[in-house]
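We did not get these values from a lab; they are worked out from the coordinates using the rules stated. Keep in mind it's a predicted model, so treat the numbers as computed, not measured. Heads up, the Cβs are rebuilt from the backbone with ideal geometry, glycines too, and the neighbour counts pull from every protein chain shown.
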Amino acid sequence: MKVTFPHMGNAWIIIQALLENLNVDYIVPPLNSKETLTIGTQLSPESFCLPLKLNLGNFVQAAAQGADTALITGGVGPCRFGYYGEMERQILQEAGYPFDVITLEPPDGSLIGLAERIRKLAGEKNTWNRIVKAMLFAYRKSLVLDQIEDMFHGFRPRIQSPHYVDQLYEEAKRRLVQAMSDQGLKDVLNWLKDEMMQRIADHEGYRDENPLKIAVVGEIYTLLEPFISMDVEKELGNLGVVVDRSIYLSGWVGEHVFLGLAQGYRPLKPYYTLAKPYLNHFVGGHARETIGATVKYAQEGYEGIVQLLPLGCMPEIVASTILPKVQEDYGIPIMTLTVDEHTGRAGIQTRLEAFVDLLERSRHNISAINEGVLELAGR
């Protein structure tokens, strides 16, 4: 058995750590690219979700390197993600790729069912003690990964050299890949904090100003995978915007794989309470998280929201019909970006620039009004 898995942002770093600790033979597929998408699109009906098309492309590219087993996570409810495993298995086999597919989800909410699937992945050579330790370490590594990504959300807009930030980000990921102990994880975080603080202390290319704050919400794959989102977080950061993201990997794993037994770097449960006045039941995917997070960011003083979703994503379409009411209630501008295989980076970049410009002018106008009020009060 030679295992592979689909790309979803930096999740490969965590999956790799899990498989290495279990001594499972694996292949990391090439990062998502136009070639990956082309392969998946050719194998899929046009109406299929964009994430599924990229998954198929990942598997075919990994098959060329000898992979024969696909590892994916699962889902429940109306979202089509819950059907990915079986659909992908059938499509791959019909295309001549006899993949076995292992879906890591608790079937019917059963941790025993999840354990059985993990046992199939890990094999008899691994004891349950070792399996649990490997899973917990992978989870702790995901917490550090999320902290690193969040640190760059605050660091990128304050540094005038995007090339330097990109280099530092890649080096941080490289060090995280190599860290295979808890002390190693701490060392990566401490090193990164020192590097960032030194850069800020030197004032080398440092923007000492009050940046805009924009939150990104939406469907998890589109949020985490920079190829499909056209690097929205990075582009906003380069425009001088502090970005936050509603869902981080560890929060999703804690809620959906560990059934809420782990909180993650950004817990998801608080979103459900905040979403209740607008959406008080589960409609699949991350619609409630999108609504609840938007309310949270509005309450925290963020100046804009960007919703990301793949074309045809039913839960996010539901959320997008509710967001105008949230916008009305809180007065926060919201822009929805829908992506598919035809979406161009230049078009997304133009829309982001226009949105940031709109928010900056709005802030300036509010500032001018406040100054005018103070002048009148002084008279």
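Membrane-span-like helices in the chain, defined purely by DSSP H runs whose alpha carbon atoms cover 27 Å or more axially and whose average Kyte-Doolittle hydropathy reaches -0.5, are 128-155, 345-378. Farthest towards the positive end of the charge dipole of the stretch 139-208, among the residues 151, 188, 178, is the Cα of 178, using unit charges on the Cβ of Lys, Arg, Asp and Glu. Let a ≥ b ≥ c be the square roots of the eigenvalues of the Cα gyration tensor of the stretch 139-208; is it rounded (a/c under 1.5), or, if not, prolate (a/b larger than b/c) or oblate? Cα axes put the stretch 139-208 in the prolate bin. Here the peptides 262-275, 117-130, 307-320 are ranked by packing, the mean other Cβ count within 10 Å, and the order with the highest first is 307-320, 262-275, 117-130.
Pairs spanning more than 30 Å between alpha-carbon atoms, out of 53/193; 173/269; 213/325; 125/269; 120/141; 234/296: 53/193; 125/269.
Determine the dipole magnitude for the stretch 211-379: charges of +1 sit on the beta-carbon of Lys and Arg, -1 on that of Asp and Glu, nothing else is charged, the reference point is the Cα centre, and the result goes in debye to the nearest 20. Don't jump to the answer; show the numbers that get you there.
On the way: 14 positive and 20 negative charges, 84 e Å.
The calculated dipole for the stretch 211-379 is roughly 400 debye.
Label-to-label distance, residue 47 versus residue 207, with points set 7 angstrom from Cα along the beta-carbon direction: 4.4 nm. Matching the structure-derived Rg and Dmax of the Cα atoms in Å against the labelled list [x] 21.2, 74; [y] 21.7, 82; [z] 23.8, 99 gives the label [y].
About the centre of its Cα atoms, the chain shows a dipole size close to 700 debye [charges on the beta carbon of Lys, Arg (+1) and Asp, Glu (-1) only; nearest 20 debye]. Where both bridge residues fall in the chain, DSSP classifies roughly 5% of the beta bridges as antiparallel.
Across 301, 57, 240, mean-square fluctuation computed from a Gaussian network of the chain (C-alpha pairs under 10 Å connected) peaks at 301.
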